[in-house]
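Encoded as structure tokens, the structure appears first; notes follow it.
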Amino acid sequence: MQQLTSAGLVFAPVSFRVRRLIAVWVAQVFVFLCAALLAFLLRFDFRLSSREWEQIAIALPVLIIGKGAAFRLLSIDDGSWRYVSISDAARICLANVIGSFVSTITILILLPHGFPRSIYILDFSLCVLLSTGIRVLVRMREDRRDRGTDQHVTWKRILIYGAGEAGLVTLREIKCNSKLTYKVCGFIDDNPHKKGLLLQQLPVLGTGTDLSTITKRLQIDEILIAIPSATGAQMASILARCHKAQVHCKTVPGLAEILIGSGFVDHIRDVAVEDLLGRTPVSLEGTEIRKKLENSTVLVTGAAGSIGSELCRQIARFNPAALVGFDISETGLFEVENEMRELFPNVPFHCEIGSMQSVRRLSEIFDRHLPSIVYHAAAYKHVPMMETHVFEAIENNIFGTWNVAAMAARHGVSTFVLISSDKAVRPTNMMGASKHVAELVIKALQQKEAGKFVAVRFGNVLGSNGSVVPIFKRQIAARKPITITDPDMKRYFMTIPEAVQLVLQASTMGNGGEIFVLDMGSPVRILDLAKSLILLSGLRPEIDIPIRFTGIRPGEKLSEELSAYYENILPTSHEKIKSFRGPAPDFEEMLLSLERLHEICETRNLGELIVWLKDMVEDYSPSAQILRRVTAQSEPELTRTSTADCAMATAAGR
């Protein structure tokens, strides 16, 4: 019984193929017969004598065999009529050329005299027309049947924004996919030269500036944006036009996004804030990353944070021998541990709670797990808060980095990666200055250690803890005014997964001592980002949600930079990553400098700290708030000195 079942499974598809081929051959022979007979009838005005019938009797077998052989040679009969395309039509035409040529030669041999030459041309033309036309008719019937005629389905009237290749692919998918209950009314394209064109029987109705008029006239329910290559500015402009027209919009993915996912339908989605960046997906050299991470023990500091937790997720995909998550946040680490055990049950994940300012705690962790790769993402990062908590920023970002890096060097770690910031370039705040010194610490260690110590520098990350996007979303949800420091404020942005992917890629590069800079694209104006977020929420900027400017906060710059003037940027093997080697401090000098910094932190002398930072980071410009605090700290000392001088002078006068 099992053998019969197996045999049935093996031969059932074959018998179906045979039945299908027989049906196709019968249809093709019918087409060949019709074309030949019609050619004769047209040639002789539908009056055939016995002589013509004799010629037909000789010509028909030759034409059927010759064309049938040509169609078989080019596998025309294997093609699906349901999905016939232009390329199939070209192959059908070629098969007819070959078949007609062979048949003509054969007929000339069999009937050298008296066979009308016009028959060859008429037969070829009619055969091309009929063999292509019958397939097109089948496809049209199948397309109509797939779309169905269910009267209970609510059909959405839509426009496709983008009359390019992506727009045509979208239209074809909508026509063929019964899951998509869309009725396409036409195209919109910002190229004015396309206006009036017919694409698959649908018109290009106008440009984006005509959108409001067109949607009202045609009673459009939704816009499908089919421009995968659109920049962030273009997407923001399209979004504003759709909102002005009071019509909902969705975006259609590029082919790469469809291939990665499960299909076209699942990827039609609402426009997201990430689309406004206009960034192309990052392609990773997965082989190199796998070589580095597979079967290695990896330590991630700051594992409970946005970047650290995403590092854990992406590292786990490469099957490390073990993954150690280190953070001072108990609750955050607890959540990451639960997620890792659920998503990656086969990857050993070890939670370690503690402060990187504790050398003893770090020693315990390194002794216990013996990591070979360290990603150091732990840091204090909020600029205004660090301007208020100056010494906490120094102790955490500088001494913490030194402790982790020195412990990694002591335990022979092969690769140490510091997650740095664009705020380390020409810093105007304590957070940026502390990150710059952390980079110098890494460079100094590289002078002495055999392992590879590198830093990766990037800007703001969309959706990270404390970033502007979650703050704006909370303000919009509460219908409160969005607060922006300055209308000209610009920042570099990238998504959390993209930032982490590039960090992993950068860790496979260089020989040590490099600072890698991630390509952040063009800076985005915070005001434009806020307006786009309001539009994505279905609200109107300045009408439903006011925008308020609060003034630049202490330590902030209007725009950030990714490299300083003295840093010579060089390309790498990855197009999205650049590297440079700036001046590297001597290891012994760095030790002495850190000892002096420790003394300054012990005395909490802000003035001496600023002098020390200026000495280490020559282009550091302290904020006005810091300078005021230095002045305020100095005035009591001056007052005490003046009082003592007066007392001495009084005593001397006596």
Criterion violated by residue 359 - all others in (1) buried (at least 18 other Cβ atoms within 10 Å of the Cβ); (2) touching a residue at least 40 places away in the same chain (Cβ under 8 Å); (3) hydrophobic (A, V, I, L, M, F, W, C) satisfied:
(1)
Residue 390 - would you say it is in contact with a Ser or Thr (Cβ under 6 Å, 6 or more places away or on another chain), farther than 22 Å from residue 514 by Cβ and crowded, with 19+ Cβ neighbours inside 10 Å?
no
Quick check on the range 471-485. Is at least one of its residues touching a helix residue (DSSP H, G or I) at 6+ places or on another chain (Cβ under 7 Å), touching a residue at least 12 places away in the same chain (Cβ under 8 Å), of a type in the set (A, V, I, L, M, F, W, C) and within 22 Å of residue 303 (Cα to Cα)?
no
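Results for (1) farther than 25 Å from residue 232 by Cα; (2) touching a residue at least 60 places away in the same chain (Cβ under 8 Å); (3) not aliphatic (A, V, I, L, M), shown as yes or no for each residue.
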| position | (1), (2), (3) |
| --- | --- |
| 492 | no, yes, yes |
| 496 | no, yes, no |
| 506 | yes, yes, no |
| 510 | yes, yes, yes |
| 515 | yes, yes, no |
| 533 | no, yes, no |
| 536 | no, yes, no |
| 541 | no, no, yes |
| 545 | no, yes, no |
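With the range 441-528 as the region, which strands (runs of 3 or more DSSP E) entirely inside it contain at least 1 residues that are basic (Lys, Arg), surrounded by fewer than 24 Cβ atoms within 10 Å (Cβ to Cβ) and on the phi < 0 side of the Ramachandran plot? Can you show your working first?
Working: elements: 452-458, 460-462, 482-484, 493-495, 515-518.
Qualifying strands (runs of 3 or more DSSP E): 452-458.
On the basis of being touching a residue at least 24 places away in the same chain (Cβ under 8 Å), surrounded by fewer than 23 Cβ atoms within 10 Å (Cβ to Cβ) and either in the same structural domain as residue 306 (by TED's automatic domain parsing) or charged (D, E, K, R) (or both), does residue 400 make the cut? Give the steps one after another, and end with the answer.
On the way: touching a residue at least 24 places away in the same chain (Cβ under 8 Å): yes; surrounded by fewer than 23 Cβ atoms within 10 Å (Cβ to Cβ): no; either in the same structural domain as residue 306 (by TED's automatic domain parsing) or charged (D, E, K, R) (or both): yes.
Answer is no for this residue.
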Taking residue 573, is it surrounded by 13 or more Cβ atoms within 10 Å (Cβ to Cβ), assigned to a loop (DSSP other than H, G, I, E, B) and either modelled with pLDDT under 85 or not hydrophobic (A, V, I, L, M, F, W, C) (or both)?
no
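From 429, 397, which residue is touching a Gly at 6+ places or on another chain (Cβ under 7 Å), among the polar types (S, T, N, Q) and closer than 30 Å to residue 624 by Cβ?
Checking each option against the conditions leaves just 429.
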Unmet criterion (only one of (1) within 32 Å of the chain's Cα centre (by Cα); (2) within 21 Å of residue 297 (Cβ to Cβ); (3) not basic (Lys, Arg)) for residue 354
(1)
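State whether one or more residues within the range 95-102 are closer than 16 Å to residue 133 by Cα and touching a residue at least 24 places away in the same chain (Cβ under 8 Å).
If we filter the range 95-102 for residues that are closer than 16 Å to residue 133 by Cα, which is where we start, we get 95-96.
If we keep only those that are touching a residue at least 24 places away in the same chain (Cβ under 8 Å) too, we end up with 95-96.
Looking through the range 95-102, at least one residue is closer than 16 Å to residue 133 by Cα and touching a residue at least 24 places away in the same chain (Cβ under 8 Å).
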Restricted to the range 283-333 and to residues being part of a helix (DSSP H, G or I) and polar (S, T, N, Q), the residue surrounded by the most Cβ atoms within 10 Å (Cβ to Cβ) is 309
Please specify each residue of the range 413-439 satisfying the condition of being without any contact (Cβ under 8 Å) to a residue 40 or more places away in the chain and under 22 Å from residue 508 (Cβ atoms).
none
Modelled with pLDDT under 95 and either in contact with a Ser or Thr (Cβ under 6 Å, 6 or more places away or on another chain) or under 22 Å from residue 364 (Cβ atoms) (or both): does that describe residue 412?
yes
Does residue 423 satisfy the criteria of being crowded, with 20+ Cβ neighbours inside 10 Å, of a type outside the set (Asp, Glu) and in contact with a Lys or Arg (Cβ under 7 Å, 6 or more places away or on another chain)?
yes
The one condition residue 86 fails out of (1) in contact with a helix residue (DSSP H, G or I) (Cβ under 6 Å, 6 or more places away or on another chain); (2) among the hydrophobic types (A, V, I, L, M, F, W, C); (3) under 25 Å from residue 137 (Cβ atoms) is (1)
Selection status of residue 619, among the acidic types (Asp, Glu), out of contact with any Asp or Glu (no Cβ under 7 Å at 6 or more places or on another chain), loosely packed, with under 15 Cβ neighbours inside 10 Å and not in a helix (DSSP H, G or I):
yes
Does the range 595-611 contain any residue that is closer than 19 Å to residue 425 by Cα and touching a Lys or Arg at 6+ places or on another chain (Cβ under 6 Å)?
no
If you go through the range 57-69 one residue at a time, do you hit one that is part of a helix (DSSP H, G or I), farther than 12 Å from residue 32 by Cβ and assigned by TED's automatic domain parsing to the domain that holds residue 29?
yes
Is it the case that some residue within the range 175-188 is surrounded by fewer than 16 Cβ atoms within 10 Å (Cβ to Cβ), assigned by TED's automatic domain parsing to the domain that holds residue 252 and under 24 Å from residue 233 (Cβ atoms)?
no
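The values are calculated or read from the model by the stated rules, or taken from the named source; none is laboratory data. What you see is a predicted model; the values in this text were computed from it and never measured. Every residue, glycine among them, receives a Cβ derived from its backbone with ideal geometry; neighbour counts consider all protein chains shown.
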